[in-house]
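Some notes on the structure that comes next.
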């Protein structure tokens, strides 16, 4: 006979050498309360905890480099309280032995979960998530950011923007302070869906990069876009319907990119200190997620004097970020096309 859940051996009424069974039971309980076991995992749905791993360990450490989301299935061990630490490189879902169960723990890379399993369903007791965060900043900048056209969003970048502390995010400096002239617009490879943009200099872009296109006669070509294809070093494609050629300006945004396993709901704050090159111009500052403005992440400021620094703050409502999403800042002059010097800019995100 044994106990229902951990299968701790019972002592029989007429048993000889009861201490053998008692000692074995003590040792099993000690392991179940304190042991840790490492389990190497692979991508997909082929990872199963054995009965011994689940019953005789309190902590299960997942290791390996699956490179994609994966699941771990519990054995039929009746009820069990367990801690799982995900030290693999992608997101894990814990399921019951029938690949189901309500309340399935979903554990990001670097995170952990303590839960109670009743043989079918899961009950979260404590989830510890790595505090994913990101930031970028520039200070002491003296270079003017070039505004090519009034009332158009310009993706922001400077040659001094650098990454702050990053956990689960990657930084890209974007244009690094250099804008590119757009010399030709043509129909893209997907005719009627994309446009091919030709730059007068090497653009340095990659697929998924965030760019603004400004000062173009066709409004359909103007705005913030996600690069869909790279044709060559001076040609790229974005989603827009071709009508006629045009000329303008392209700016590649400095971005923060969310890495796999660190998606979630984030808070964002951004502080800016700058001065205009023309008195009394009103500027807008917007935060973008990929090619769309983040709702509520906007600030407007009239800068009265070219001799005086003014401060601007953006505090965004919490918003969802998926793996691969890129966050950037855009600048717009509502009153003209005068440039602005952002002496300092600091943006930070933190997962809630």
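Might you let me know whether segment 264-279 holds any residue that is part of a loop (DSSP other than H, G, I, E, B), touching a residue at least 40 places away in the same chain (Cβ under 8 Å) and over 17 Å from residue 217 (Cα atoms)? Reasoning before the result, please.
Just the residues of segment 264-279 that are part of a loop (DSSP other than H, G, I, E, B), to begin with: 277-279.
Imposing the further condition that a residue be touching a residue at least 40 places away in the same chain (Cβ under 8 Å) reduces the set to 277-278.
If we keep only those that are over 17 Å from residue 217 (Cα atoms) as well, we get 277-278.
Yes: one or more hits.
Across segment 93-113, what is the number of residues that are crowded, with 17+ Cβ neighbours inside 10 Å, more than 24 Å from the chain's Cα centre (by Cα) and on the phi < 0 side of the Ramachandran plot?
Residues that pass the stated criteria total 2.
Within segment 302-341, which residues are in a loop (DSSP other than H, G, I, E, B) and either touching a residue at least 40 places away in the same chain (Cβ under 8 Å) or not assigned by TED's automatic domain parsing to the domain that holds residue 282 (or both)? Steps first, answer last, please.
In the first step, residues of segment 302-341 are kept if they are in a loop (DSSP other than H, G, I, E, B); the result is 304-309, 322-325, 334-339.
Once the filter is applied, which keeps residues that are in a loop (DSSP other than H, G, I, E, B) and either touching a residue at least 40 places away in the same chain (Cβ under 8 Å) or not assigned by TED's automatic domain parsing to the domain that holds residue 282 (or both), segment 302-341 yields 322, 323, 324, 325, 334, 335, 336, 337, 338, 339.
Tally the residues that are within 21 Å of residue 168 (Cβ to Cβ) and in contact with a strand residue (DSSP E or B) (Cβ under 7 Å, 6 or more places away or on another chain), restricting the search to segment 73-93.
The first filter runs over segment 73-93 and keeps only residues within 21 Å of residue 168 (Cβ to Cβ), leaving 84-93.
Going one step further and asking which of them are in contact with a strand residue (DSSP E or B) (Cβ under 7 Å, 6 or more places away or on another chain), we end up with 84-88, 90-93.
So the answer is 9.
So, in segment 306-321, how many residues would count as being surrounded by fewer than 12 Cβ atoms within 10 Å (Cβ to Cβ) and closer than 22 Å to residue 209 by Cβ?
Going through segment 306-321 one residue at a time, the tally reaches 1.
If you check residue 285 against the conditions, is it assigned by TED's automatic domain parsing to the domain that holds residue 150, at pLDDT 95 or above and over 30 Å from residue 110 (Cβ atoms)?
Values: assigned by TED's automatic domain parsing to the domain that holds residue 150: yes; at pLDDT 95 or above: yes; over 30 Å from residue 110 (Cβ atoms): yes.
In short, yes.
Just to be sure I understand, how many residues within segment 1-46 are within 17 Å of residue 84 (Cα to Cα) and either in a helix (DSSP H, G or I) or in contact with a helix residue (DSSP H, G or I) (Cβ under 8 Å, 6 or more places away or on another chain) (or both)?
Here the count works out to 6.
Condition test on residue 43, is it over 30 Å from residue 277 (Cβ atoms), surrounded by 21 or more Cβ atoms within 10 Å (Cβ to Cβ), modelled with pLDDT under 95 and not assigned by TED's automatic domain parsing to the domain that holds residue 322? Show your work before the answer.
Numbers: over 30 Å from residue 277 (Cβ atoms): yes; surrounded by 21 or more Cβ atoms within 10 Å (Cβ to Cβ): no; modelled with pLDDT under 95: yes; not assigned by TED's automatic domain parsing to the domain that holds residue 322: yes.
When the stated conditions are applied, residue 43 does not pass them.
Out of all the residues in segment 228-261, which are assigned to a strand (DSSP E or B), surrounded by 19 or more Cβ atoms within 10 Å (Cβ to Cβ) and over 16 Å from the mean Cα position of the chain (by Cα)? Step through it out loud before you land on a result.
First pass over segment 228-261, keeping only residues assigned to a strand (DSSP E or B): 229-232, 235-239, 248-252, 255-258.
Filter once more, so that each one left must be surrounded by 19 or more Cβ atoms within 10 Å (Cβ to Cβ): 236-238, 248-252, 255-258.
Of everything in segment 228-261, those that are assigned to a strand (DSSP E or B), surrounded by 19 or more Cβ atoms within 10 Å (Cβ to Cβ) and over 16 Å from the mean Cα position of the chain (by Cα) turn out to be 236, 237, 238, 248, 249, 250, 251, 252.
Evaluate the following for residue 5: is it in contact with a strand residue (DSSP E or B) (Cβ under 7 Å, 6 or more places away or on another chain) and outside the structural domain of residue 121 (by TED's automatic domain parsing)?
Numbers: in contact with a strand residue (DSSP E or B) (Cβ under 7 Å, 6 or more places away or on another chain): yes; outside the structural domain of residue 121 (by TED's automatic domain parsing): yes.
Judged against the criteria, residue 5 is a match.
Restrict the check to segment 177-194 and report whether at least one residue is in contact (Cβ under 8 Å) with a residue 60 or more places away in the chain, closer than 23 Å to residue 333 by Cα and exposed (fewer than 15 other Cβ atoms within 10 Å of the Cβ).
Looking through segment 177-194, at least one residue is in contact (Cβ under 8 Å) with a residue 60 or more places away in the chain, closer than 23 Å to residue 333 by Cα and exposed (fewer than 15 other Cβ atoms within 10 Å of the Cβ).
Would you point out which residue out of 154, 116 is assigned by TED's automatic domain parsing to the domain that holds residue 252 and over 20 Å from the mean Cα position of the chain (by Cα)? Spell out the reasoning first.
Working: 116 fails: assigned by TED's automatic domain parsing to the domain that holds residue 252.
Only one candidate qualifies: 154.
The values are calculated or read from the model by the stated rules, or taken from the named source; none is laboratory data. The shown structure was predicted, so the numbers you read here are calculated from the model rather than taken from an experiment. With ideal geometry, Cβ positions are generated from the backbone for all residues, glycine too; neighbour counts draw on all protein chains shown.
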